[in-house]
There are 2 protein chains.
Amino acid sequence: MRNKRHGRGRRGQQHGQLRSKGFLQPCLLLQLYEKDCHGYELLAGLEEFLDSVEEMDPSIIYRLMREMEEKELVESYSGEYSRGPKRRMYRLTTAGRSYLQISIEELKQFRTKIDRLLSIYKSLQK
Amino acid sequence: MRNKRHGRGRRGQQHGQLRSKGFLQPCLLLQLYEKDCHGYELLAGLEEFLDSVEEMDPSIIYRLMREMEEKELVESYSGEYSRGPKRRMYRLTTAGRSYLQISIEELKQFRTKIDRLLSIYKSLQK
DNA sequence: TTATCTATTGACAAACAGTCTATAGATAAA
DNA sequence: TTTATCTATAGACTGTTTGTCAATAGATAA
């Protein structure tokens, strides 16, 4: 994640669907499925799913979390201080768990679509 | 594809990344890789890659085609009348061919990311 | 003559993602 | 003890992408 650093975002590289809600949301919810986390932790944890988390602007994650809280997919409670402001801890709700399940199914279906496209492309190469 | 029909778009269903540029573009370019096509044909041909093409608004495709023409990934020429206005035929350019190649690689990488996410989810189920 | 099917376009709005900046507390370094 | 650095969160603003609606147009079938 970047903060106060320069050189970021879409500049230079393409990152197709990686930063879309449809992929980021399940990445975040999955982390909360394992354990409660605060935003910065979720951001750092994204490196398991993406490469170049350094180029990811933190505000995107915080914004998404607040949005998911409004939709009641997650709920937050006040965590401890660490080194800085009080942490906002997130916990997955029951609705969030079902939403994760649905997102997983959608991703499976999407993978199938990608596979079809790739195999058609391959068949035209020879 | 829908035209003058009601009941469409995001209403009702979710369609994760399916309608994103990152997926639609390679679907369209791949069709042109096989043979020259006009917009309506490309739209119809999408059913090979998506389900529910009926719910896809044609203007999205036409808009994308014009955009790709500006970027010189495709070029157009005037086709024959069929039953209606003159068809605008599209042909893949050399740049478009390389772009398709790159998109294919990106999709492969994305599939890998999906796989990772799915396997983590699965490992937590047991 | 009206309806339907093929075919394309443009305007407008809503959703989404990217960028920058501000704030804040704690600690390590100068 | 002041400055820099790291963790941590938030808000405003911009620009891009998608979705929606409606208009147009030629041909044919009812």
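Which numbered condition in (1) away from DNA strand D (no atom under 16 Å from the Cβ); (2) away from chain A (no Cβ under 11 Å) is the only one that B:MET65 fails?
Exception for B:MET65: condition (1).
Considering each of B:ARG87, B:ARG97, B:ARG91 in turn, give the residue that is away from chain A (no Cβ under 14 Å), more than 11 Å from DNA strand C (Cβ to nearest atom) and in contact (Cβ under 8 Å) with a residue 24 or more places away in the chain.
B:ARG91
Quick check on my filter: what residues within the stretch B:80-102 are part of a helix (DSSP H, G or I) and either of a type outside the set (S, T, N, Q) or under 23 Å from A:LEU46 (Cβ atoms) (or both)?
If the condition is that a residue be part of a helix (DSSP H, G or I) and either of a type outside the set (S, T, N, Q) or under 23 Å from A:LEU46 (Cβ atoms) (or both), then B:ALA95, B:GLY96, B:ARG97, B:TYR99, B:LEU100, B:ILE102 are the ones that fit.
Within the stretch B:15-59, track down each residue that is closer than 19 Å to B:TYR99 by Cβ, assigned to a helix (DSSP H, G or I) and within 9 Å of DNA strand D (Cβ to nearest atom).
Result: B:LYS21, B:GLY22, B:PHE23, B:LEU24, B:GLN25.
If I go through the stretch A:103-126 residue by residue, how many of them are over 16 Å from B:ASP115 (Cα atoms) and in a helix (DSSP H, G or I)?
8
Anything in the stretch A:75-126 that is hydroxyl-bearing (Ser, Thr, Tyr) and touching a Leu at 6+ places or on another chain (Cβ under 8 Å)? List them, or say none.
Of everything in the stretch A:75-126, those that are hydroxyl-bearing (Ser, Thr, Tyr) and touching a Leu at 6+ places or on another chain (Cβ under 8 Å) turn out to be A:TYR90, A:THR93, A:TYR99, A:SER103, A:TYR121.
Would you check which residues across the stretch A:74-96 are surrounded by fewer than 14 Cβ atoms within 10 Å (Cβ to Cβ) and under 17 Å from the mean Cα position of the chain (by Cα) and list them?
Residue satisfying the conditions is A:ARG91 alone.
Checking the condition modelled with pLDDT of 95 or more, out of contact with any helix residue (DSSP H, G or I) (no Cβ under 6 Å at 6 or more places or on another chain) and of a type in the set (A, V, I, L, M), which residue from A:LEU46, A:LEU32, A:LEU50, A:LEU92 passes?
Only one candidate qualifies: A:LEU32.
Looking at the structure I just gave you, is A:GLN31 over 30 Å from B:PHE49 (Cβ atoms), within 11 Å of chain B (Cβ to nearest Cβ), touching a Leu at 6+ places or on another chain (Cβ under 9 Å) and not charged (D, E, K, R)?
Yes; evaluated as a whole, the condition is true for this residue.
The values are calculated or read from the model by the stated rules, or taken from the named source; none is laboratory data. Please read these numbers as outputs of a predicted model, since none were measured by experiment. No Cβ is skipped: glycine too gets one built from the backbone with ideal geometry, and neighbour counts run over all protein chains shown.
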